[in-house]
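S.K.: Following this message is one structure expressed as structure tokens.
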Amino acid sequence: MNNGDGKRVNGEAEEDDDEDEGNGGGLDAWERAYADERSWEALQEDESGLLRPIDTNTLYHAQYRRRIRSLSSLATTARIQKGLIRYLCIVVDLSKAAAEMDFRPSRMVVVAKHVEAFIREFFDQNPLSQLGLVTIKDGVAHCLTDLGGSPESHVKALMGKLECSGESSLQNALDLVHGYLNQIPSYGHREVLVLYSALSTCDPGDIMETIQKCKKSKIRCSVIGLSAEIFICKHLCQETGGSYSVALDEVHFKELLLEHAPPPPAIAEFAIANLIKMGFPQRAAESSIAICSCHKEAKVGGGYTCPRCKARVCELPTECRICGLTLISSPHLARSYHHLFPIVPFDEVSPSLLNDPHNRLPRSCFGCQQSLLNPGNKPSLRVACPKCKQHFCLDCDIYIHESLHNCPGCESFRHSKSAIASEE
Amino acid sequence: MASAPSKLYADDVSLLVVLLDTNPFFWSSFSFPFSKFLSHVLTFLNSILVLNQFNQVVVIATGCNSCDYIYDSSMATSPSIESGSMPALCSDLLQKLEEFVTRDEHLGKQDSLGPTTSSLLSGSLSMALCYIQRVFRSGPLHPQPRILCLQASSDGPEQYVAIMNAIFSAQRSMVPIDSCYIGSNNSAFLQQASYITGGVYQKPQQLDGLFQYLLTVFATDLHSRTFLQLPKSVGVDFRASCFCHKKTIDMGSICSVCLSIFCKHHKKCSTCGSVFGQAHSDVASVSNLKRKTPET
């Protein structure tokens, strides 16, 4: 049977090559599976040489669990706090190396696309933070947008000017960013994310001095490289406490970039704790007419009224243009609470418990009611919450920890809540 | 703050997840009896299933001490098992509901904390969202899901953080949360939920006509909502409450470390222990963080 499988795969691949040459452009779905998706790579041999498809589901889940375990081991041992009010500058390298086509269609386009997604994700997870964009072109660093809290203006500015030329200069970028980040309030966490395509840097002075300057100003610099590992980037990240990674392909680049969206562990001495005055405006009545302070024209209905100076603003979160008060609503604060009250990772139910015939394990996932039995009525792989002991399927595990941040089991049982409260 | 982004729907097949509040402390003292309420709801659920043959309905009961799945139309038994005059939907659902309420009461007796007046909305919302994620994973042809909360008891402030987490997750997955609130005052949590996720919030004025409200407002599928006039949200209160006095404030001071809200200036944060004006040290550790939630 295994030989048959092997032959069939090879045979079909050969046939397809002929078909493809004949067809040219318009490929059917089954042809695309060979031309574009390379389905033969999804097969693997086990120890006796039998072919079997890679179980992407359990592979994905195993990857996810390794990541969660490494994150949670850091968090629980060191009791690290998170920097929730972040001022992040993204430095995009637009030197001639960004025109390379190893990322399709070119590095610059791929970077711009993923930076747009990152900006939206960043403001989704950190509503009180601000972002600024800087580009490096012809050896000079330009500030594309100032530090601000509105995702649309950043995205528009980025997509507007995408041309690359010249050399790349890391020192000029760091100097510019240092100048901007020195002006922010002391309770904010200063961060820089450099997306570096070039393999070298052309600097006017001593970059080591600049790195020391950044380190003294407590700016956390991280770099994501698109070409290869460069010593100076590694040194910069080590000195300032950031993270350095090099992307292998487009998917990997997206993953690395989105890892910077949730708040990083905050080094305690870096930001001074402070009480920040903020306003919680009420939504104006539907029929009220006021002159809006952002667009400078009269608007009917909608909008919010600043509690201090009564000026009208269109959207939240924002800073009142008249009196400078930060205006937010309570859901914006609530978006960050899950960083402060994270849920514990679930434990895998050990195979010995699964195979024990005397154990009466739950037949379906507590969250989604999906059956946890393999065909043949054998219990399949599942995870359990250490607090409420409910069983969940692998997909619910990923959803709960990455998006929902609530354990359905713990939330659905009142006496388990009281047990937790009494432990505290 | 902006409401949920709109999605384009191609057809009107819907999956409705109903969160039914069965809090006995509320229903025992309310003027409208639970049996009448149930009859309106059951007729409504039947109507949803009749509107389109591919529509699905899932009912999750929100109790005082537990939450559980009561009915799933995609796993319903064959219609030949009908008891007398009631269709299979009703008999299945009523039987499971009966079992749920007895179990819930039994769990309440074990608990020594005394009677509580709020039901576990955060639990049933989380379960509903997990079920909806499973539907999303089932392939490209799936019904459009939405959640309907039939809530009667008042908000439990201890569930604030969990409910907000569920609301944001629903917003990201673009699942609207509709609320039909039956209790006395308005529910701030459900108003915020419907506003943020793009759903409809309504407090029916005349409970004798509850079925009419349910059918005309909450039976509308997401595709049709683009050209129907549904009740608009008015007066959603997004103000926060201070952690020290629990009163709603217009302007307050926020701790930059743990985001707790205070109405007056303090020297030290009571939640995370950081001293303001100094770099925070390791002494003010996270173990001091108590899960204090503001009452909205």
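The values are calculated or read from the model by the stated rules, or taken from the named source; none is laboratory data. Just so it is clear, the structure is predicted and the values come from calculations on it, not from any experiment. So basically every Cβ, Gly included, is an ideal-geometry build from the backbone, and we count neighbours across all protein chains shown. Surface areas here come from the heavy atoms of the whole protein model, side chains and all, with no ligands, DNA or RNA. Shrake-Rupley method; radii C 1.70, N 1.55, O 1.52, S 1.80 Å.
S.K.: Counting only residues that are facing chain B (nearest Cβ under 7 Å) and either open to solvent by 20 Å² or more (accessible area, probe 1.4 Å) or free of Cβ contacts under 8 Å to residues at least 40 places away in the same chain (or both), how many does the stretch A:369-407 have?
M.R.: 8
S.K.: Which of the residues belonging to the stretch B:216-234 are part of a loop (DSSP other than H, G, I, E, B) and either away from chain A (no Cβ under 12 Å) or open to solvent by 70 Å² or more (accessible area, probe 1.4 Å) (or both)?
M.R.: B:A219, B:T220, B:D221, B:L222, B:H223, B:L228, B:Q229, B:L230, B:P231, B:K232, B:V234
S.K.: Restricting the search to the stretch B:135-189, which residues are among the charged types (D, E, K, R) and in a helix (DSSP H, G or I)?
M.R.: Selection gives B:R137, B:E158, B:R172.
S.K.: Considering only residues that are more than 7 Å from chain A (Cβ to nearest Cβ) and not small (G, A, S), look in the stretch B:238-248 and name the one that is least open to solvent (accessible area, probe 1.4 Å).
M.R.: B:C242
S.K.: What's the number of the condition A:A112 fails, among (1) away from every other protein chain (no Cβ under 14 Å); (2) closer than 20 Å to A:A247 by Cβ; (3) open to solvent by 30 Å² or more (accessible area, probe 1.4 Å)?
M.R.: Failed condition: (3).
S.K.: Next question, about the same structure. Mind checking which residues of the stretch B:152-183 are more than 13 Å from chain A (Cβ to nearest Cβ) and open to solvent by 20 Å² or more (accessible area, probe 1.4 Å)?
M.R.: Selection gives B:S154, B:D155.
S.K.: Moving to a separate point now. Is it fair to say B:Q191 is open to solvent by 10 Å² or more (accessible area, probe 1.4 Å) and either within 14 Å of chain A (Cβ to nearest Cβ) or farther than 24 Å from B:F26 by Cα (or both)?
M.R.: Yes.
S.K.: Scan the stretch A:253-263 for residues that are out of contact with any strand residue (DSSP E or B) (no Cβ under 7 Å at 6 or more places or on another chain) and either within 14 Å of chain B (Cβ to nearest Cβ) or assigned to a loop (DSSP other than H, G, I, E, B) (or both) and jot them down.
M.R.: A:L258, A:E259, A:A261, A:P262
S.K.: Another question, then. So if I check each of A:A284, A:A298, A:A273, which one is more than 14 Å from chain B (Cβ to nearest Cβ), small (G, A, S) and out of contact with any helix residue (DSSP H, G or I) (no Cβ under 9 Å at 6 or more places or on another chain)?
M.R.: One residue alone meets the criteria, A:A298.
S.K.: Another one. Considering the stretch B:41-59 alone, what residues qualify as being in a helix (DSSP H, G or I) and open to solvent by 30 Å² or more (accessible area, probe 1.4 Å)?
M.R.: Within the stretch B:41-59, B:T43, B:N46, B:L49, B:V50, B:L51 meet the criteria.
S.K.: Quick one: would you say A:V91 is open to solvent by less than 90 Å² (accessible area, probe 1.4 Å), modelled with pLDDT of 75 or more and touching a helix residue (DSSP H, G or I) at 6+ places or on another chain (Cβ under 8 Å)?
M.R.: Yes; evaluated as a whole, the condition is true for this residue.
S.K.: Return the residues of the stretch A:115-128 that are touching a strand residue (DSSP E or B) at 6+ places or on another chain (Cβ under 9 Å) and open to solvent by 10 Å² or more (accessible area, probe 1.4 Å); say none if nothing qualifies.
M.R.: A:F123, A:L128
S.K.: Within the stretch A:159-172, identify whether any single residue is touching a Gly at 6+ places or on another chain (Cβ under 9 Å) and part of a helix (DSSP H, G or I), and answer yes or no.
M.R.: Yes, the stretch A:159-172 contains a residue that is touching a Gly at 6+ places or on another chain (Cβ under 9 Å) and part of a helix (DSSP H, G or I).
S.K.: Which of the residues that make up the stretch B:55-82 are at pLDDT 90 or above and either farther than 23 Å from B:L125 by Cα or away from chain A (no Cβ under 11 Å) (or both)?
M.R.: Passing the criteria: B:N55, B:Q56, B:V57, B:V59, B:I70, B:Y71.
S.K.: Between A:I291, A:I276, which is over 18 Å from A:V111 (Cα atoms), in a strand (DSSP E or B) and in contact with an Asp or Glu (Cβ under 8 Å, 6 or more places away or on another chain)?
M.R.: Only one candidate qualifies: A:I291.
S.K.: Within the stretch A:58-74, work out how many residues are of a type outside the set (D, E, K, R), loosely packed, with under 15 Cβ neighbours inside 10 Å and at pLDDT below 70.
M.R.: 5
S.K.: Oh, and also: Please go through the stretch A:304-319 and give me each residue that is modelled with pLDDT under 85 and open to solvent by less than 30 Å² (accessible area, probe 1.4 Å), ordered by number.
M.R.: A:L316
S.K.: Could you tell me whether A:A290 is under 28 Å from A:F118 (Cβ atoms) and either touching a residue at least 40 places away in the same chain (Cβ under 8 Å) or open to solvent by less than 40 Å² (accessible area, probe 1.4 Å) (or both)?
M.R.: So A:A290 does not fit the description; no.
S.K.: Okay, moving on. Given the criteria modelled with pLDDT under 90 and over 30 Å from B:F262 (Cα atoms), does A:D203 qualify?
M.R.: Answer is no for this residue.
S.K.: Please find, among A:T135, A:T145, the residue that is farther than 30 Å from B:T271 by Cβ, free of Cβ contacts under 8 Å to residues at least 24 places away in the same chain and either among the hydroxyl-bearing types (S, T, Y) or in contact with a strand residue (DSSP E or B) (Cβ under 6 Å, 6 or more places away or on another chain) (or both).
M.R.: A:T145
S.K.: Continuing with this model, one more query. Could you count how many residues in the stretch B:126-147 are more than 8 Å from chain A (Cβ to nearest Cβ), in contact (Cβ under 8 Å) with a residue 40 or more places away in the chain and within 15 Å of B:R172 (Cα to Cα)?
M.R.: Qualifying residue count, the stretch B:126-147: 6.
S.K.: Further question: Give the residue that is surrounded by the fewest Cβ atoms within 10 Å (Cβ to Cβ), with candidates limited to residues of the stretch A:333-368 that are under 20 Å from the mean Cα position of the chain (by Cα) and facing chain B (nearest Cβ under 7 Å).
M.R.: A:F341
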